[in-house]
Amino acid sequence: MVQHVLITGASQGAGKATALRFAQEGWYVTLAARIPERLQAVAEEIRTMGRPALAVPTDMGNAEQVANLVDKALATHGQIDALINNAGICLTGPMVNTSLEDWHQILDTNLWGCIHTIQALLPAMLDQGNGTIINVGSFGGKMPLPR
């Protein structure tokens, strides 16, 4: 049986590279990110490799959108063997210019996005008796940037 991975933040950078690698290794890949055009471009790149790719535009800070993402992934491939929580955003600048809305966006994506996907997917992984969850972090969590 072919394994299936769901990758968030899959439209660029490490998420895209991870998606391409899983596809090269023969996995089914479900991709999630906020910008549909970038997400579709990655899905098309995977399809040119002869592998299926499901692209689901998703704001990871929105629990309903994340639940929809997981539902579509499960409906398409039956089970999810691995979740790569890679979505994340960064904001730099003086604190005086950082609004509460900015902080909510950062925490909604970087923290709640992981929680939403785990919450939505964990029951299915428990039912199937296996699954791997990987939460990707940034060096920014260990090494502060100026401002």
- Charges only on Cβ, +1 for Lys and Arg, -1 for Asp and Glu: so what's the dipole of the chain about the Cα centre, in debye to the nearest 20? 400
- Message: For the chain, take the longest principal axis of its alpha carbons; what is the angle in degrees between that and the long axis of helix 36-48, to the nearest 10 within 0 to 90?
- Response: 30
- Query: Mind listing the phi-derived Karplus ³J(HN,Hα) values for segment 82-97, rounded to whole Hz, using 6.51, -1.76 and 1.60 with θ = phi - 60°, and x for any glycine or proline?
  - Reply: 8, 10, 10, 7, 10, 4, x, 10, 10, 9, 10, x, x, 4, 4, 9
- Item | Tilt relative to the chain, helix 13-24 - C-alpha long axis, 0 to 90 degrees, to 10 | 10
- Calculated from DSSP helices alone, with each H run of at least 4 adding -39500 (n - 2.57) and the total divided by the residues of the chain, [θ]222 nm to the nearest 500 comes to -13500 deg cm²/dmol
- Principal-axis tilt of helix 63-77 within the chain, Cα atoms, nearest 10 degrees: 20
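Read the figures in this text as sums done on the coordinates, not as results from a lab. Note that the structure is a prediction, hence the values are computed from the model and not measured. Heads up, the Cβs are rebuilt from the backbone with ideal geometry, glycines too, and the neighbour counts pull from every protein chain shown.
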